[in-house]
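To start, the structure itself, in structure tokens.
The values are calculated or read from the model by the stated rules, or taken from the named source; none is laboratory data. Treat the numbers as computed from the prediction; the structure is a model and nothing was measured. With ideal geometry, Cβ positions are generated from the backbone for all residues, glycine too; neighbour counts draw on all protein chains shown.
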Amino acid sequence: MTELNPTAASLLGFLHGGEASGYELVETADLVIGDFWSLTRSQVYRELAALEGRGLVEAGPTGARSRRPYTLTNAGRAAFAAWVAQPPGPETIRYPLLLSIGFGSWIDPGALLGFVAEHRVAHAERLAKYEEMLAEPDMDKYQRATLTFGVHYESAVLAWIDSLPEILGG
């Protein structure tokens, strides 16, 4: 059996919760992993077709609004179990603001600080959302661990952003 990519494995993981359409899987992915793992609709539908072709999911009949429910097969459960048992690879940083700052000498200083201000608002909102979510008493401990990372990450990014005016001299 060929290895799963993280997107395909995520979909198999979500299907452990029960039958879901591609649309529902996109919504789940956005909610559960969307802040740290990006998935596009086209990726989800492409991966579902590939997973079905490999016998890892079964597609049901097309229903309302052309939604087609998918269920996990035993082979899909086994493939997910094999994938999730492997050590994760190293993280990669793809942070557009950091890239812009790296090339900051080609950007108007006022515009660059404007970019920084916009990102500060987004990170502050995300931090508030994570803290609100952590207040949920019945949260799964693994979701809580993931959200706690998000709180620490957003706090660190905000501290870094707050230091930029001094570093950049503005």
For Leu39, which of the numbered conditions (1) surrounded by 15 or more Cβ atoms within 10 Å (Cβ to Cβ); (2) more than 23 Å from the chain's Cα centre (by Cα) fails to hold? (2)
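For every residue, the table says whether it meets (1) modelled with pLDDT of 95 or more; (2) in contact with a Lys or Arg (Cβ under 6 Å, 6 or more places away or on another chain); (3) of a type in the set (Lys, Arg); (4) part of a helix (DSSP H, G or I).
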site: Leu113; (1), (2), (3), (4): no, no, no, yes
site: Arg144; (1), (2), (3), (4): no, no, yes, yes
site: Ala156; (1), (2), (3), (4): yes, no, no, yes
site: Ala159; (1), (2), (3), (4): yes, no, no, yes
site: Ile167; (1), (2), (3), (4): no, no, no, yes
Thr62 closer than 25 Å to Leu25 by Cα and either of a type in the set (A, V, I, L, M, F, W, C) or not assigned by TED's automatic domain parsing to the domain that holds Val26 (or both): no
Could you list, ordered by first residue, the pairs with Cβ atoms under 7 Å in which the first is in region 71-94 and part of a loop (DSSP other than H, G, I, E, B) and the second is surrounded by 14 or more Cβ atoms within 10 Å (Cβ to Cβ) and not β-branched (Val, Ile, Thr), at least 6 apart or interchain? Thr73/Leu56; Thr73/Glu58
Test set (1) surrounded by 12 or more Cβ atoms within 10 Å (Cβ to Cβ); (2) over 18 Å from the mean Cα position of the chain (by Cα); (3) in a helix (DSSP H, G or I) - Glu58 fails condition number: (3)
Across region 2-23, what is the number of residues that are at negative phi and not in a helix (DSSP H, G or I)? 9
Residue count for region 24-52, restricted to those that are touching a helix residue (DSSP H, G or I) at 6+ places or on another chain (Cβ under 8 Å), over 14 Å from Leu72 (Cβ atoms) and assigned to a helix (DSSP H, G or I): 8
Tally of residues being at pLDDT 95 or above and either under 30 Å from Ile167 (Cα atoms) or among the hydroxyl-bearing types (Ser, Thr, Tyr) (or both) across region 61-96: 3
Could you give every pair whose Cβ atoms fall below 7 Å, whose first residue belongs to region 1-26 and is free of Cβ contacts under 8 Å to residues at least 24 places away in the same chain, and whose second residue is part of a helix (DSSP H, G or I) and of a type in the set (Ser, Thr, Tyr), counting only separations of at least 6 or pairs across chains? Phe14/Thr28
Please count how many residues of region 118-165 are in contact with a helix residue (DSSP H, G or I) (Cβ under 6 Å, 6 or more places away or on another chain), closer than 18 Å to Leu31 by Cβ and touching a residue at least 24 places away in the same chain (Cβ under 8 Å). 6
